[in-house]
Every structure is written in C-alpha cells, then in structure tokens.
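To start, the structure itself, in structure tokens.
The values are calculated or read from the model by the stated rules, or taken from the named source; none is laboratory data. It should be emphasised that the depicted structure is a prediction, and the values quoted were computed from it without experimental measurement. We place every Cβ from the backbone using ideal geometry, glycine too, and count neighbours over all the protein chains shown. Protein only, heavy atoms only, side chains kept; ligands, DNA and RNA dropped before computing areas. Shrake-Rupley method; radii C 1.70, N 1.55, O 1.52, S 1.80 Å.
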Amino acid sequence: PDTLLRKPEWIRIRVPSGDKVAKIKRSLRENSLHTVCEEAACPNLGECFSHGTATFMIMGDLCTRRCPFCDVAHGRPQALDRDEPVHLANTVAQMALNYVVITSVNRDDLKDGGAGHFAACIEAIRQQTPTTKIEVLVPDFRGRQQIALDILAEQPCDVFNHNLETVPRLYRQARPGADYQESLRLLQGFKEKQPQIPTKSGLMVGIGESEAEVIEVMKDLLTHGCSMLTIGQYLQPSQDHLPVQEFITPAQFERYAEIAKELGFQQVASAPLVRSSYHADLQARNIVGS
Ligand code: SF4
Ligand code: SF4
C-alpha cells in the first residue's frame, strides 16, 4: 500500500556468504536446530556466524502468542525434544562458538514456561564447552516468573537478556499478552538472585514511540538493575505485520546511545541494524570477559 515507507539507504542488507557460514548451516541441518539468524533472515548473519556467534531458538518454532511485529509462526506448540540440549551442545562445540545466545518462543503451555529446558541447555553446553559464554534471551514467563527464576538461577548463564521491545504506551498494540511492569520485574527478579550476572534488554524503535518515552524506559531499566541495552530499527517482516512508522536516523541512534551511557548503562548498542544478539560477544566483552 502507499502507506509503506521506503527503506532509507542506511538499512542495507548484507548478503551472507563464505565457507564458514555454509559449514555452519550444514551442521545446523544435521542437528535439526533452528537459529533466529536464519529464520528471521537477519541482516547480520554472515557477520555473526563468521565471528563465532549465533542465536538458537529452542523449544520449537511455534509460539503460543501472536505479537504483530514478529515473524515467528503461531500455533499449538510441539512437545519438548528431550534431546535438544545435547544436540545444541554438540552443535555449539562443532561450530566452535565462543558466544552463544539461546532464546525461545513463548511457551505459555508449560508449567515452568520452559525455564527447565533453558537450564538443561545451559548445563549441556557447560559440560562440553565450558569456555563458551552463554546468553539467554528469555520470554516473560508470565504467571510463572517465580518458578522460572528459581530454576534459571540454579544454572547460571553469563548474560540474562529479556527484551522490553517497546515503550509501555505501545504494549497493547505491539505486545498484546505481555505486561511492561511484569517484564521489568523479571529482570529485577533475576538480578536479585544473581547480582553478579549482568542483565540486558532491548528496544525496537520506529513504531511510533517518542524520544521522551524511550528515555523513561531507559530509566526504568536502570532502576530494575539492568546494565546492558540494545536499540535497533523495527523492520516489518511482511505487509501483514505492524507497519513501520518511522525510520530512525543513525544520528538519533547515536543520541540514544549517548543518553543511555550518561544515564548509567555499562554497555549500549544502538544503531539501525542492531538486534538483541548483534555482536553479543563484543557487547559482553567488557562485562563478562569473553
Ligand atoms: Fe543471529 Fe542475532 Fe547475529 Fe542476527 S544479530 S545473525 S539473530 S546472532
Ligand atoms: Fe514472537 Fe516472542 Fe511474540 Fe512469540 S512472544 S510472537 S516469539 S515476539
């Protein structure tokens, strides 16, 4: 439709290529694993894979929720694959990953929201490749936060990440089924249990938020113990998804980064193509020594 905005020149998709990337893709297929990098056709895939970073999506590729910005399919979730933790650990070892991000769809159908499966994956990776840094990018475990936090605190990750995605005013539109305060409480709850592990969150911008609202979110994150922040441009996966309201300029992304650092974040990644896991290894380098 004519309401679609044209992509500006700073949103350029780099085509992934190279032997290393091809090898990684083969290994993924052999182990029947899903990466967000591939499924979301992430523009950074070539760069991340060749740096030894990847984001795995565990517990299937069907989500119990339907967020209008997200390209993950909705449907009745599959049964948990008990072998997945070991397959994941094998793949991380084969790919010689030095930094891995593990994420999942929402599993509102599971009693622990899938926390136990996350913990099993961390444990399996630790056994095979103890030096690989592990970041978990978790769903909100709505209604199951306490049980999920108890489980996750027992099997510590290196970075605990949960994305707020947008400002509270746009939650009903962009994250129906989620609750801003509850997401903040999840970040705070983990920090209270594991104060030495950095917590991280991310926002997508360009869906109608104002700068003042973004700054309020930054402050909320800081008061809930979060020290790492990512900000990237929202890109509409298809015409059926939430439309882009605005392409935020690179200068504005820099401004957000400056403001965030001034307010007290220890690590900030803010640029058009930044994704929650983009350069996750570099983002964490100063903080967890990867
Ligand atoms: Fe994968 Fe994240 Fe890198 Fe994209 S930014 S390729 S999703 S690790
Ligand atoms: Fe996508 Fe997560 Fe929303 Fe599910 S809960 S639709 S995976 S953003």
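Suppose we keep only residues that are in contact with a helix residue (DSSP H, G or I) (Cβ under 8 Å, 6 or more places away or on another chain) and open to solvent by less than 70 Å² (accessible area, probe 1.4 Å) within region 63-80. Which one would you say is farthest from ligand 1 (Cβ to nearest atom)? Walk me through how you get there before you give the answer.
Taking region 63-80 and keeping what is in contact with a helix residue (DSSP H, G or I) (Cβ under 8 Å, 6 or more places away or on another chain), we get 67-69, 71-72, 80.
With open to solvent by less than 70 Å² (accessible area, probe 1.4 Å) added as a condition, the list becomes 67-69, 72, 80.
Working: C67: 17, P68: 20, F69: 15, V72: 12, L80: 23 Å.
Only one residue fits best here, namely L80.
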> If you check every pair at least six apart or on different chains, which have Cβ atoms under 7 Å apart with a residue in region 136-162 that is basic (K, R) first and a residue that is open to solvent by less than 10 Å² (accessible area, probe 1.4 Å) second?
Replying inline: R144/G113
>> Which of the numbered conditions does E47 fail, given that it passes all the others? Conditions: (1) open to solvent by less than 30 Å² (accessible area, probe 1.4 Å); (2) near ligand 1 (Cβ under 9 Å from one of its atoms).
In response: (1)
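So, C67, is that one closer than 29 Å to I207 by Cβ, under 20 Å from the mean Cα position of the chain (by Cα) and in a loop (DSSP other than H, G, I, E, B) or not?
When the stated conditions are applied, C67 passes them.
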> If we keep just the residues of region 199-211 that are of a type outside the set (G, A, S) and free of Cβ contacts under 8 Å to residues at least 60 places away in the same chain, which is surrounded by the fewest Cβ atoms within 10 Å (Cβ to Cβ)?
Replying inline: E211
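With C48, C42, C63 as the choices, which residue is in contact (Cβ under 8 Å) with a residue 60 or more places away in the chain and within 16 Å of ligand 2 (Cβ to nearest atom)? Before the answer, list the steps.
Details: C48 fails: within 16 Å of ligand 2 (Cβ to nearest atom); C63 fails: in contact (Cβ under 8 Å) with a residue 60 or more places away in the chain.
Just a single option satisfies the conditions, and that option is C42.
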> In region 29-45, what residues are small (G, A, S) and either at negative phi or not in a loop (DSSP other than H, G, I, E, B) (or both)?
Replying inline: A40
> Hey, among M59, M95, which residue is under 25 Å from T132 (Cβ atoms) and away from ligand 1 (no atom under 14 Å from the Cβ)?
Replying inline: M59
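Being more than 28 Å from H74 (Cβ to Cβ) and exposed (fewer than 15 other Cβ atoms within 10 Å of the Cβ) is true for just one of Q181, Q196, Q239. Which residue is that?
Checking each option against the conditions leaves just Q196.
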> helices (runs of 4 or more DSSP H) wholly in region 168-253 with at least 1 residues that are among the acidic types (D, E) and more than 23 Å from H279 (Cα to Cα) - which ones?
Replying inline: 180-193, 211-223
> Quick check: is even one residue across region 245-252 open to solvent by 20 Å² or more (accessible area, probe 1.4 Å), away from ligand 1 (no atom under 16 Å from the Cβ), in contact with an Asp or Glu (Cβ under 9 Å, 6 or more places away or on another chain) and under 25 Å from E47 (Cα atoms)?
Replying inline: yes
> What residue, of A54, A79, A96, is free of Cβ contacts under 8 Å to residues at least 40 places away in the same chain and either out of contact with any Gly (no Cβ under 8 Å at 6 or more places or on another chain) or over 26 Å from D240 (Cβ atoms) (or both)?
Replying inline: A79
